[in-house]
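Quick notes on the structure that follows.
The values are calculated or read from the model by the stated rules, or taken from the named source; none is laboratory data. Note that this is a predicted model, so its numbers are computed, not measured. Here the Cβ is made from the backbone with ideal geometry for all residues, glycine too, and neighbour counts use every protein chain on show.
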Amino acid sequence: MPDLLIIGSGGAGLSAALEAASRGAKVAVVTKTLPTQAQTCMAQGGINAALGNVEPDTPEEHITDTLRSAHGLADEAMVRTLCESAPETIEWLDRLLVPFSRIDSTHSTLNTQHSALSTIDQRRLGGASHPRACYAQDYTGLKILQSLYDRCLEAGVTFYTGHYLLDLIVTEDREVVGADFWEIKTGKIRTIRAGATLLATGGYGALYQGYTTNAYGATGDGIAAVLRAGGVLEDMEFVQFHPTAMAPSAVLISESARGAGAWLINDKGKRFTDELAPRDIVARAMFDQIAAGRHLFLDLRPVPEKVLRELMPQELHLARLHAGIDATKEPIPVMPAVHYTMGGIAVDSRLQIRGLGRAYAAGECSAARVHGANRLGGNSLLEIIAFGRLAAVNALEEPKGEIPEDTTPDRSSATRIEGIFARKNRYNHYHKQKILGKRLYHDLGIVRDGTLIEDALNYLRELEGRLGETGLQDRSRRENRDLIELLEYENMLLLAQALSLSALKRTESRGAHYRRDFPEESPEWEKHIQIKMENGEVETC
């Protein structure tokens, strides 16, 4: 039995695994895909740390920028923990051989405190007062993920790939002692029990299918499992729209392009916003342009071609592949798309899940109160690494009694699976997923109002009511992708209701949550909205 069960193999999960293994713990990482396919690889721009390699910078300024972007909903102590740990986090990654882009050491005389890292180049991302994002060309997340995975293999971490999370195992004392998984290859339920459990399962951006930079597997499986297990969710209404996704594919073009000097222009060739303002501001400026009938473009031509080819090769490749455009010669059509979800599992300062013992959450699946109403660009990679490691340390240090014997072998997960196989297939969940994505983008998008949110909520309840006749086309047990995607769809409906209820309750505009019927920020709403399940119903608390 592992000392630590980690569910999810992105940056948070692998950082936690490596930290735990370095302390002599027996670690198991369970993931529904392959580790190098995690959402972390989609993060291109960089990871924040106040190294001061390009211009003077301090952790205090990093803290100030983060709090400003959060619009009053961040916990300053948690933000301080995150930002002050950033230089050591970069040093740790550097020791793991993450290939950060470098500058000539003769140009880095600004840095004295972190001289060992003084050759790491830094770029400015949106909302930052200084260039503080360390990067590896425009493959930053991918390079970090690959390096972490290599080091985990060397450390002897056990991986269970192709395992879909069904439910957490919770004792009568509200302690999590493991989880049930559907082993995709064999079509059987595998139960893994552990001394402590860490969820690192990512966010819920795939709810907006067709309008998100996220992979379609980012369906919030861990968040939904915690909700079903009696945990609490928080800040679910805050969904960040990245300004520069290619239109209509929604493939991400990194913020680093704007940091290097690229312009946002409309079809009249006019710039209409500060390209490096916080993402919520830029996205709303784009929304206004689109509402006025304008088509929008990201113009990379102001950036020297040598810089583009050296530092942003992926962006040039993606423009050719998905839009047939040579971005050194013509602008790229863009639109805002869902990129990051600030809400998730409510955790305390130790990253323990509120209301559940022996259980922790880190990364995008958790609401650790460091992003608040709007995440600062470059802080997501920092959070998954720094807090992934912190959660592992805290999980291993927690005093634990004996794990009780499993007295409930016929848990709800097995019953749920058999119920799905027994359903009629009157409604096609693939078709409904596409409609759901479009509906959420329209009703719970960049600009919202109460009527649209209520319409969306009624539609979600209608879809939930049809689940009894939303079945499988594929009735086989082994390698059944239809089953996995139906389970994901059920999680999407659950979390979309949580999002809608939170958005409806927050009668103000704050950060990424903008309501045209309540366009001002209100002091009385400088608080967190929480979600729970009561008698099978999702409700605010």
Every residue from segment 276-306 that is over 24 Å from His317 (Cα atoms), assigned to a loop (DSSP other than H, G, I, E, B) and in contact with a strand residue (DSSP E or B) (Cβ under 8 Å, 6 or more places away or on another chain): Arg294
Flag if Ser366 is of a type in the set (S, T, N, Q) and surrounded by 15 or more Cβ atoms within 10 Å (Cβ to Cβ): yes
Selected residue (only one of Gly222, Gly231, Gly210, Gly217 is surrounded by 24 or more Cβ atoms within 10 Å (Cβ to Cβ) and part of a loop (DSSP other than H, G, I, E, B)): Gly231
Odd one out for Leu308 among (1) within 16 Å of Ala262 (Cβ to Cβ); (2) under 26 Å from the mean Cα position of the chain (by Cα); (3) among the hydrophobic types (A, V, I, L, M, F, W, C): (2)
Check on Lys424, among the basic types (Lys, Arg), surrounded by fewer than 18 Cβ atoms within 10 Å (Cβ to Cβ) and more than 30 Å from Ala283 (Cβ to Cβ): yes
Conditions (1) over 23 Å from the mean Cα position of the chain (by Cα); (2) β-branched (Val, Ile, Thr); (3) not in a loop (DSSP other than H, G, I, E, B); number of the one not met by Thr81: (1)
Which numbered condition Met42 fails, given (1) at pLDDT below 95; (2) under 28 Å from Pro131 (Cα atoms); (3) out of contact with any Ser or Thr (no Cβ under 8 Å at 6 or more places or on another chain): (3)
Residue pairs meeting the criteria (Cβ under 8 Å; at least 6 apart or on separate chains; first touching a residue at least 12 places away in the same chain (Cβ under 8 Å) and within 21 Å of Gln37 (Cα to Cα), in segment 218-239; second among the β-branched types (Val, Ile, Thr) and part of a loop (DSSP other than H, G, I, E, B)): Gly220/Thr201; Asp221/Thr201; Gly222/Thr201; Ile223/Thr201
Answer residue from segment 24-50, given it is β-branched (Val, Ile, Thr) and surrounded by fewer than 24 Cβ atoms within 10 Å (Cβ to Cβ) and is nearest to Leu168 (Cα to Cα) among those: Thr33
Subset of segment 170-192 (residues that are more than 27 Å from Thr40 (Cβ to Cβ) and either free of Cβ contacts under 8 Å to residues at least 40 places away in the same chain or not acidic (Asp, Glu) (or both)): Val170, Thr171, Glu172, Arg174, Val177, Thr186, Gly187, Lys188, Ile189, Thr191
Number of the exception - Leu376 against (1) surrounded by fewer than 24 Cβ atoms within 10 Å (Cβ to Cβ); (2) within 19 Å of the chain's Cα centre (by Cα); (3) at pLDDT below 95: (1)
Leading residue by the ranking (nearest to the chain's Cα centre (by Cα)) among those in segment 251-286 that are among the basic types (Lys, Arg) and buried (at least 17 other Cβ atoms within 10 Å of the Cβ): Arg279
Residue tally, condition assigned to a loop (DSSP other than H, G, I, E, B), within 20 Å of Ala373 (Cα to Cα) and of a type outside the set (Asp, Glu), over segment 307-353: 4
Out of Leu487, Leu457, sole residue that is within 22 Å of Tyr216 (Cβ to Cβ) and touching a residue at least 12 places away in the same chain (Cβ under 8 Å): Leu487
